[in-house]
Structures are given as C-alpha cells and as structure tokens.
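Everything on this sheet refers to the single structure shown next.
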Amino acid sequence: MNLDADDARDYMKLLERAIIHLRYRIRYDDSVTVAEVHDILDSLHNIPAMLRGAGDWFTPDNIDADLERYDNKWLNADDGASRRRGLLELLQDVRNGDFSDDPPVA
C-alpha cells in the first residue's frame with residue numbers, strides 16, 4: 001500500500017513522538033516496565049514496513065488496530081504510571097498539527 005505524503009508524514013511523526021515520550025517517561029521514572037516497553041514496540045514496529053509499502057497487510061487500519069491494542073491494555077493500568085499517553089491519542093495530536101515539523105530537543 002502506498003500512503004499519501006501527509007499520511008506518511010503523520011506516521012513518521014508518530015514514531016518520533018512515541019519514542020521521545022517513552023524516553024521521557026523512563027528518564028523521569030514513570031513506572032515503565034519491560035512488558036510495557038515490549039507492547040509499545042510491538043505496536044509501532046510495523047509502521048516502517050507500511051511506509052515502505054511492504055505488502056497488503058501493512059495498512060493504516062491494521063497499524064491503528066495495533067496502536068489501539070496497546071491503549072486498551074495500558075491506558076487504564078493501575079500501576080502508578082502518571083505520564084502514560086495513548087498511542088492513538090498521540091497520532092491524533094500529530095494529525096491535528098500539535099507538533100511542529102522541527103525535531104524536538106530531548
């Protein structure tokens with residue numbers, strides 16, 4: 001599947017923002033477990049294949065389902081994390097233009 005330029009840019013920004021947000025949470029000791037890191041990476045790892053047009057499975061709908069699976073599991077976890085954000089919410093923020101095109105300083 002070939003994405004249009006806007007969709008491709010949004011998913012690239014999502015990758016960037018999700019990685020930066022995870023680093024932020026780790027830096028500020030926000031109760032991030034190895035299991036959660038695994039699930040975040042599991043949710044994000046197919047995005048590059050989609051951006052490359054690797055095959056019919058790699059569609060925004062399937063990628064968004066992966067993001068939603070993480071959100072459903074972790075957003076309401078009672079584990080002391082206070083800075084966790086949903087990946088679908090982060091994608092929506094990207095689509096809303098909440099982030100500039102300049103790389104953030106972290």
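Take the stretch 7-42 and flag every residue that is of a type in the set (Gly, Ala, Ser) and more than 19 Å from Ile63 (Cα to Cα).
Ser31, Ala35
In this structure, does Ser100 turn out to be under 17 Å from the mean Cα position of the chain (by Cα), among the hydroxyl-bearing types (Ser, Thr, Tyr) and under 17 Å from Asp7 (Cα atoms)?
Yes, satisfied.
What are the pairs with Cβ atoms under 9 angstrom where one residue, in the stretch 84-101, is without any contact (Cβ under 8 Å) to a residue 24 or more places away in the chain and the other, located anywhere, is exposed (fewer than 13 other Cβ atoms within 10 Å of the Cβ) and acidic (Asp, Glu)? Sequence gap at least six, or different chains.
Gln92/Asp98
In the stretch 23-39, what count of residues is obtained for those that are at negative phi, out of contact with any Ser or Thr (no Cβ under 7 Å at 6 or more places or on another chain) and part of a loop (DSSP other than H, G, I, E, B)?
Looking only at that region, the number is 3.
Any chance the stretch 40-49 includes a residue that's part of a loop (DSSP other than H, G, I, E, B) and either open to solvent by 60 Å² or more (accessible area, probe 1.4 Å) or not charged (D, E, K, R) (or both)?
yes
Looking only at the stretch 50-63, how many residues end up being part of a helix (DSSP H, G or I) and surrounded by fewer than 15 Cβ atoms within 10 Å (Cβ to Cβ)?
Qualifying residue count, the stretch 50-63: 3.
Taking Arg25 and the conditions (1) loosely packed, with under 13 Cβ neighbours inside 10 Å; (2) farther than 20 Å from Asn2 by Cα, which numbered condition does it fall short on, given that it satisfies the others?
Condition (1) is where Arg25 drops out.
Between Glu89, Glu36, which is open to solvent by 30 Å² or more (accessible area, probe 1.4 Å) and modelled with pLDDT of 95 or more?
Glu89
Based on this model, can you work out whether Asp7 counts as out of contact with any helix residue (DSSP H, G or I) (no Cβ under 6 Å at 6 or more places or on another chain), closer than 18 Å to Asp98 by Cα and of a type in the set (Asp, Glu)?
Spelling it out, Asp7 is indeed out of contact with any helix residue (DSSP H, G or I) (no Cβ under 6 Å at 6 or more places or on another chain), closer than 18 Å to Asp98 by Cα and of a type in the set (Asp, Glu).
Tell me yes or no: at least one residue of the stretch 65-76 is modelled with pLDDT under 95, open to solvent by less than 60 Å² (accessible area, probe 1.4 Å), in a loop (DSSP other than H, G, I, E, B) and out of contact with any strand residue (DSSP E or B) (no Cβ under 8 Å at 6 or more places or on another chain).
No: zero hits.
The values are calculated or read from the model by the stated rules, or taken from the named source; none is laboratory data. Just so it is clear, the structure is predicted and the values come from calculations on it, not from any experiment. Note: ideal-geometry Cβ built from the backbone for every residue, glycine included; neighbour counts use all protein chains shown. What goes into the accessible areas is simple: the full protein's heavy atoms, side chains included, and nothing from ligands, DNA or RNA. Shrake-Rupley method; radii C 1.70, N 1.55, O 1.52, S 1.80 Å.
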